[in-house]
Amino acid sequence: MTEVAEAAGTRRRTGRERTRLTAWLQEYGVYAGVVVLLLFNTVFTEHFLSAENFRTQAVQVAPILIVALGMALAIGSEGIDLSVGSVMALSTSLVALYLGYGPWVALLVAVVGGAAVGLVNGSLIAHIGVQPIVATLALMVGGRGLALVLLPQLEDVRDPGMRALGSGDLLGVPYPALVAVVLVLLVGFTVRRTTFGRQLLAIGDSRPAARLAGLPVRRVLICVYVCSGVLAAVAGFLATARLQASDPTSLGTLMELSAITAVVVGGTPLSGGRVRVGGTVAGAVLIQLLTATLIKHDLPPSWTQLAQAVVIVVAVYAARERGKR
Amino acid sequence: MPATGALDVPEVPDTAQALSVHGLTKRFPGVLALDAVDFGVQAGEVHALIGENGAGKSTLIKVLTGVYQPDEGEVRHQGTPVAFGTPLAAQRAGISTIYQEVNLVPLMSVARNLHLGREPLGRFGLIDFSRMHREAAETLRAYGVHADVRGPLGELGVGAQQMVALARAVSFEARVVIMDEPTSSLEPREVETLFGVIRRLRDEGVAVVYVSHRLDELYAVCDTVTVLRDGRRVHTGPLAELERLRLVALMLGREMGEVRAEGTTKFGGEHEAASQEPVLRAEGLSVPHQLHGVSFSVRPGEVVGLGGLLGSGRTETVKAVAGALQASAGRVTVAGVPLRGGSPAAAIRAGVSLLPEDRKAEGIVPGLSVRENIALAMLPRLSRAGLVSEARIDALVGTFMERLRIKASSPRQKAGELSGGNQQKVLLARWLATEPKVLLLDEPTRGIDVGAKAEVQRLVDELAANGLGVVLISSDLEELIEGSDRVVVLRDGAVVGELAGDEVTEGALMEAIAAAAVQGPGDPAGREEAPRD
């Protein structure tokens with residue numbers, strides 16, 4: 001009997017040490033990864049430390065990051081939003097159709113479209129009780145279909161204001177990156193300081209407890225998916241401005257997977273109850289840097305996918321250990 | 001608590017036993033779930049396995065079915081020691097389990113469910129559907145199920161689905177069938193059919209282990225009974241020879257002599273608030289299969305206990321009052337105002353707060369801090385324009401952490417890391433912060449240490465003295481009797497009696513719980529049937 005107890009004790013001790021390592025990995029691993037990639041590129045990649053390169057990277061990462069913010073909210077509520085890529089496509093179609101009224105009107109229409117998709121997602125999940133993965137999968141398929149009905153083929157952006165948005169900057173910071181920074185701060189503030197943010201985390205952590213505590217579970221869930229839809233629409237708008245074309249066939253394809261990767265790698269657990277905004281930013285940057293590094297060293301794109309897979313497995317492994325504790 | 005070892009009955013020789021355990025011990029971190037338990041069921045016997053919460057029934061069943069491995073002791077199958085590593089191994093050995101929830105595939109046809117995994121094959125190794133349907137219809141007729149075997153299982157009633165599960169288990173040549181509360185969602189007619197099937201199984205030499213909290217059912221269908229309490233076996237013997245009252249006494253851990261003697265003891269009775277209007281009134285609350293027209297009321301300053309065994313509808317009653325369970329009929333009024341909305345949020349606004357039984361799953365939000373847990377139900381009231389006011393939360397949390405003496409390294413410690421007693425205090429703080437008129441306490445002291453228990457009990461007294469209406473559920477009979485001014489007794493989801501003032505004694509309470517349900521549900525039969533010695 002004592003032997004059994006001792007054996008259990010030893011096992012628990014080594015287990016605890018391992019848990020501490022994986023907990024650290026989960027907490028700071030993503031930042032460490034970013035630092036490692038930055039150092040690697042500084043040494044081994046030509047022209048990496050140039051303002052031009054940083055601007056390119058920033059412009060490219062902005063849409064992924066913005067979509068990942070909404071995804072982080074959905075995952076924090078113990079859900080997921082697969083429709084984000086299609087919302088980007090819907091957004092680009094709406095932008096093409098309404099750009100005649102100027103970029104701001106086009107943005108507004110796109111955002112309303114994204115919010116509408118989020119409202120449908122949220123209502124299916126909160127009122128009808130459809131699982132988030134199923135509800136948003138339906139909208140993922142339907143959203144792109146609608147985008148293609150609205151705009152059957154690629155259309156170039158000719159509006160000068162829109163072109164300026166995609167290529168211009170403010171004090172050297174490209175507009176898309178600027179928008180991303182503002183949205184990061186806004187979402188961070190929402191999670192930390194608002195009633196909505198607290199309620200979202202409580203619902204994600206323990207839905208039954210949140211319900212018994214009288215929290216407006218349905219309203220909060222609908223809000224989460226509306227936020228995610230709006231953020232994806234903004235990302236679609238920015239991507240349209242950068243590409244200077246509306247292409248609902250390809251814009252945002254597989255974006256949901258990139259966003260989920262950024263969130264998970266950033267340390268937000270898939271089991272909900274926690275939203276790491278800083279981690280999500282680092283996660284998006286990590287994926288961007290990884291892709292850029294491999295491309296700059298002339299490795300085929302398939303390598304990027306393999307590298308991403310490795311990063312996801314490591315992140316999920318760390319998360320699993322945490323969950324067990 | 002008095003020793004009850006004297007009630008032990010000599011063991012049955014184990015050569016005749018289809019399935020048995022010997023000196024079985026099972027530990028979980030911090031808990032001794034089973035302590036050297038002996039248990040055996042013979043072929044051709046229906047053996048009742050009973051006990052209150054935490055007695056160890058489910059652990060024992062899980063060891064018997066290979067879900068858990070024993071820490072000490074052994075499992076014997078037909079007298080031979082065995083080690084079922086997995087539920088599948090137990091199933092292959094001829095041990096089938098029927099759970100409360102049917103675990104079949106609702107979208108597949110009835111016949112396919114019945115034959116799943118051993119479909120009759122025809123030419124080319126394809127499923128011979130016509131033979132399968134014919135056989136399925138024949139099999140099910142014997143179980144009183146007359147349904148289209150081609151239709152999806154999900155379209156059948158729960159009772160019929162359970163029959164399919166049972167038929168499936170038996171057709172797998174089960175020699176031992178374990179039924180875990182099989183009747184909890186059945187209609188009375190379906191229960192009769194089930195009993196018919198159980199008796200037939202017994203006559204065919206199948207060993208049946210029957211777990212239920214409904215005493216009437218046990219007496220109707222079981223031959224032998226084993227009572228577990230706190231992880232120990234306290235009694236095994238023929239059921240017919242065992243008086244109901246004694247069975248209840250065994251489950252609750254009371255001696256008969258003690259019960260009868262205490263029948264004359266007086267407890268603090270009349271309350272000065274007795275003349276006031278009720279602050280909570282529940283009328284005819286019904287929830288399908290769970291509650292049948294439950295009515296009771298609570299006056300300000302009064303502690304009303306809900307008595308009854310596990311599964312009697314105590315938890316369902318408070319959940320229905322608090323809007324956490326959708327009532328199909330009945331109404332609740334708080335301080336004379338009808339409660340509308342049927343959601344926990346509406347109940348909380350009206351001044352009704354529920355401390356749930358399952359602290360870990362329904363109470364604490366483990367990943368949030370102590371302060372966020374305390375403030376959770378109050379967030380909208382502690383915010384301005386959707387922004388949380390940290391200063392107001394700090395003030396509130398400081399007050400309650402001091403008042404309830406919550407021990408945490410800091411208010412920012414995660415609530416999931418606290419001890420059970422401190423978690424319970426955090427929840428009490430959450431509810432007291434909402435300034436309720438009525439507090440529903442479902443097992444407020446279960447699983448917390450003695451010190452915290454006394455503190456919680458003192459707090460409840462103090463709250464009642466300040467005019468709060470309290471509904472108390474406790475499996476601890478002593479706590480229920482000493483804590484309550486009045487006890488409403490429930491059985492099978494209906495009120496069967498009410499004890500007030502000096503009637504609130506262990507003896508009277510147990511008589512009321514044990515009395516046979518001769519009349520239909522909802523009929524307060526127990527009131528007249530609760531004689532005192």
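Read-outs throughout are calculated quantities, based only on the coordinates presented, and are distinct from any laboratory measurement. Only a predicted model underlies this, so the values are computations on that prediction, with no experimental measurement involved. A quick note on method: Cβ atoms are made from the backbone with ideal geometry, for glycine too, and the neighbour counts reach across all protein chains shown.
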DSSP-assigned coil residues among trypsin sites (Lys or Arg not before Pro) in region B:106-181, each with at most 14 further Cβ atoms within 10 Å | B:Arg118, B:Arg150
Label-point separation in nm, A:Leu270 to A:Leu137, each point 7 Å along Cα→Cβ = 1.4 nm
Those aspartates and glutamates that a straight Cα-Cα span of less than 14 Å connects to B:Lys57, excepting residues fewer than 8 apart in one chain | B:Asp35, B:Asp38, B:Asp180, B:Glu181, B:Asp230
Degrees separating the helix A:2-44 axis from the principal Cα axis of chain A, which is the longest one = 30 degrees
Roughly how many nanometres apart are two label points built 7 Å out from the Cα toward the Cβ at A:Leu21 and B:Asp148?
-> 6.1 nm
Summing -39500 (n - 2.57) over the DSSP H runs of n ≥ 4 in the protein assembly as shown and dividing by its residue number, what mean residue ellipticity at 222 nm do you reach, to the nearest 500 deg cm²/dmol?
-> -16000 deg cm²/dmol
From fewest to most C-beta neighbours within 10 Å, the residues B:Lys437, B:Lys407 line up as B:Lys407, B:Lys437
Work out the charge dipole of the protein assembly as shown with +1 on the Cβ of Lys and Arg and -1 on the Cβ of Asp and Glu about the Cα centre, then indicate which of B:Leu439, A:Ile203, A:Val263 is farthest towards its positive end.
-> A:Val263
Treat each spin label as a single point 7 Å out from the Cα along the C-beta direction, and report the A:Ile128 to A:Leu171 distance in nm.
-> 4.8 nm
Return the tail of the calculated pair distribution for chain B, meaning the percent of Cα-Cα pairs more than 36 Å apart.
-> 41 percent
Nearest 0.05, what FRET efficiency do B:Val67 and A:Phe40 give at R0 = 30 Å with Cβ-Cβ as r?
-> 0.05
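Just how many % of Cα pairs in region B:21-104 lie over 21 Å apart, if you round to the nearest whole percent?
Tail of the P(r) past 21 Å holds 28 percent of the pairs.
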Order by neighbour count: B:Glu506, B:Glu277, fewest other Cβ atoms within 10 Å first, most last.
-> B:Glu277, B:Glu506
Table column - 3J(HN,Hα) (Hz), region B:276-293, Karplus curve with 6.51, -1.76, 1.60, x for Gly and Pro | 6, 5, x, 8, 10, 9, 10, 10, x, 5, 10, 9, x, 6, 10, 10, 10, x
Near the amide H of B:Gly305, under 5 Å away, which other amide H atoms are found, from residues 5 or more places off or on another chain, if H is placed in the peptide plane?
-> B:Leu472, B:Asp485, B:Arg486, B:Val487, B:Val488
Short version: ³J(HN,Hα) in whole Hz for each residue of region B:488-505, in order, from phi by Karplus 6.51 cos²θ - 1.76 cosθ + 1.60 (θ = phi - 60°), x for Gly and Pro, what are they?
-> 9, 9, 10, 8, 6, x, 9, 6, 10, x, 9, 10, 9, x, 7, 6, 6, 9
Its Cα gyration tensor gives region A:51-324 an equivalent ellipsoid whose semi-axes in whole Å, largest first, are 29, 23, 17
For helix A:301-324, report the angle its Cα long axis makes with the longest principal axis of the Cα atoms of chain A; keep it between 0 and 90° and round to the nearest 10°.
-> 40 degrees
R0 = 25 Å: FRET efficiency of A:Arg158 with A:Ser250, Cβ-based, nearest 0.05?
-> 0.80
Calculate, for B:Val337 and B:Arg381, the FRET efficiency according to 1/(1 + (r/R0)^6) with r their C-beta to C-beta distance and R0 22 Å; round to the nearest 0.05.
-> 0.65
Summing +1 per Lys or Arg and -1 per Asp or Glu among the other residues with Cβ less than 14 Å from A:Lys296's Cβ gives -3
Give the distance, in whole Å, between the Cα centre of region B:301-349 and the Cα centre of region A:179-239.
-> 32 Å
In order over region A:267-282: 3J(HN,Hα) from phi, Karplus 6.51/-1.76/1.60, θ = phi - 60°, whole Hz, x for each Gly or Pro, gives x, 7, x, 5, 7, x, x, 8, 10, 9, 5, x, x, 5, 4, 5
Would you mind checking the pairs B:Lys62/B:Lys407; B:Lys26/B:Lys319; B:Lys319/B:Lys360; B:Lys26/B:Lys425 and listing those with alpha carbons more than 27 angstrom apart?
-> B:Lys62/B:Lys407; B:Lys26/B:Lys319; B:Lys26/B:Lys425
